[in-house]
1. Select the helices (runs of 4 or more DSSP H) contained entirely in the chain, then report the ones holding at least 2 residues which are surrounded by 10 or more Cβ atoms within 10 Å (Cβ to Cβ) and modelled with pLDDT of 90 or more.
2. Which ones in the stretch 1-27 are in contact with a Ser or Thr (Cβ under 9 Å, 6 or more places away or on another chain) and within 21 Å of ARG51 (Cβ to Cβ)?
3. Could you check ASN23 against (1) touching a residue at least 24 places away in the same chain (Cβ under 8 Å); (2) farther than 30 Å from ILE82 by Cα and say which number it fails?
Amino acid sequence: MPRPGLRSRAQKRKKIRTPGNRNVVHYWRRKPKKSHCAICKKPLPSIPKLRPSKMKKTDKITRRPNRLESGRYCGKCLQDLIKQSVWTQ
């Protein structure tokens, strides 16, 4: 039986035959979904598809583009939001 952390269906499983002629199950964490824009739901192109533990180890520049609200909205929606905020003032 696998250890308790591997018993959930959050783990991807693959049955493998080893060189010693045994059948074993290898477990992998599933890859996370691509991050999406909060308004139009399109995938954000510049944010990598990494698990939170790996994302912490990357530097800030590779995590997201260097602009306001970049990990939340795509460029087009952000442009529209900025225009609306300027026009309403």
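The values are calculated or read from the model by the stated rules, or taken from the named source; none is laboratory data. Model, not experiment: these values are computed from the prediction. As a convention, Cβ positions derive from the backbone with ideal geometry for all residues, glycine included, and neighbour counts pool all protein chains shown.
1. 75-88
2. Those that are in contact with a Ser or Thr (Cβ under 9 Å, 6 or more places away or on another chain) and within 21 Å of ARG51 (Cβ to Cβ): none in the stretch 1-27.
3. (1)
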